[in-house]
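Engineer: I'd like to ask you about the structure that follows.
The values are calculated or read from the model by the stated rules, or taken from the named source; none is laboratory data. Fair warning: this is a prediction, and the values are worked out from it, not measured in the lab. FYI the Cβ positions are ideal-geometry reconstructions off the backbone, even for glycines, and counts take in every protein chain you see.
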């Protein structure tokens with residue numbers, strides 16, 4: 001399967017897979033973040049433009065990596081403070097998860113071992 005170009009439109013399924021969330025989460029984010037406006041086609045099919053993809057990655061980072069609430073992330077993005085390397089990165093560079101899962105598992109295992117020793 002060929003890789004899409006950086007400026008290609010993404011479906012909701014592709015974005016859900018890229019972010020590691022379910023599609024209903026993306027629909028919920030559309031309700032909660034007014035700046036997120038994907039194109040909609042016949043039958044309500046959502047298509048995300050490159051700027052929507054970057055915004056979704058920022059929302060995901062704020063909620064899952066930085067621990068913001070939805071309200072806090074919405075306020076952060078609305079105030080225009082989201083000028084981060086992720087926000088400015090080309091779309092092709094941000095399709096991978098923002099965190100290292102193996103490192104998170106290692107931290108979890110060390111914490112579990114410390115709790116068991118205590």
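Engineer: What about residue 56, is it within 10 Å of the chain's Cα centre (by Cα) and either in a helix (DSSP H, G or I) or over 21 Å from residue 101 (Cα atoms) (or both)?
Structural biologist: Yes.
Engineer: Which of the residues that make up the stretch 2-28 are under 16 Å from residue 58 (Cβ atoms), in contact (Cβ under 8 Å) with a residue 40 or more places away in the chain and surrounded by 15 or more Cβ atoms within 10 Å (Cβ to Cβ)?
Structural biologist: 10, 15, 18, 19
Engineer: How many residues does the stretch 36-53 hold that are loosely packed, with under 13 Cβ neighbours inside 10 Å and part of a loop (DSSP other than H, G, I, E, B)?
Structural biologist: Final tally of qualifying residues: 2.
Engineer: Residue 26 passes all but one of (1) closer than 22 Å to residue 3 by Cβ; (2) at pLDDT below 90; (3) part of a helix (DSSP H, G or I); which number fails?
Structural biologist: In the conditions (1) closer than 22 Å to residue 3 by Cβ; (2) at pLDDT below 90; (3) part of a helix (DSSP H, G or I), residue 26 misses (2) alone.
Engineer: Now, a different point. Take the conditions assigned to a loop (DSSP other than H, G, I, E, B), under 27 Å from residue 6 (Cα atoms) and either at pLDDT 60 or above or touching a strand residue (DSSP E or B) at 6+ places or on another chain (Cβ under 6 Å) (or both) and apply them to residue 80. Does it pass?
Structural biologist: yes
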